[in-house]
1. Pick out, in residue order, every one of the chymotrypsin sites (Phe, Trp or Tyr not before Pro) in the range 1-45 that is DSSP loop and has at most 15 other C-beta atoms within 10 Å; say none if there are none.
2. What do you get for the angle between helix 2-15 and the principal long axis of the chain? Use alpha-carbon atoms, 0 to 90 degrees, nearest ten.
3. Apply 1/(1 + (r/R0)^6) to the Cβ-Cβ distance of SER23 and MET1, taking R0 = 35 Å, and write down the FRET efficiency to the nearest 0.05.
4. According to a simple spin-label model (label point 7 Å from Cα along Cα-to-Cβ), what is the distance in nm between LEU33 and GLU59?
5. Counting each DSSP H run of 4 or more residues in the chain as -39500 (n - 2.57), what helix-only mean residue ellipticity at 222 nm follows after dividing by all residues, to the nearest 500 deg cm²/dmol?
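The numbers here are math on the coordinates, done by the rules we state, and not lab data. No experiment lies behind these values; they were computed from the predicted model shown. Cβ: placed from backbone, ideal geometry, glycine included. Neighbour counts: every protein chain shown.
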Amino acid sequence: MWILLVAILLLGLKLGAVGPFASVSWWWIGVPLGVVFAWWEVIDPMFGISQRRAMRKIEQRKSERTTRARRNLGMRAPRDGRDGR
C-alpha cells in the first residue's frame, strides 16, 4: 500500500531530522498512519476487499490446476469454463 510507504518515509525523515522535515508537524506523519490503520482495521474488513482478492486467486489456481490435469490426462477442457460438476 503506497500510503504506508509514504508514512514510513515521512517518519524516517522526521526522526532523522533530515532538512526541512525536522520542523514538520507530527500531524503530517500521524495522518497517513491513521489512514493506513483505518484502512486495515475498518474499511478492508467491512467490505472484504482482501478476502475477495484471495478467493479470486484461489479460484484461478484451482481452474488452472483442473485444466492442467485434464490436459495431462488427454481430456479436452470444458468449452463454457465449467469443470463438469
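1. Listed in order of number, the matching sites are TRP26.
2. 30 degrees
3. 0.80
4. Each label point lies 7 Å from its Cα, and together they span 3.9 nm.
5. -21000 deg cm²/dmol
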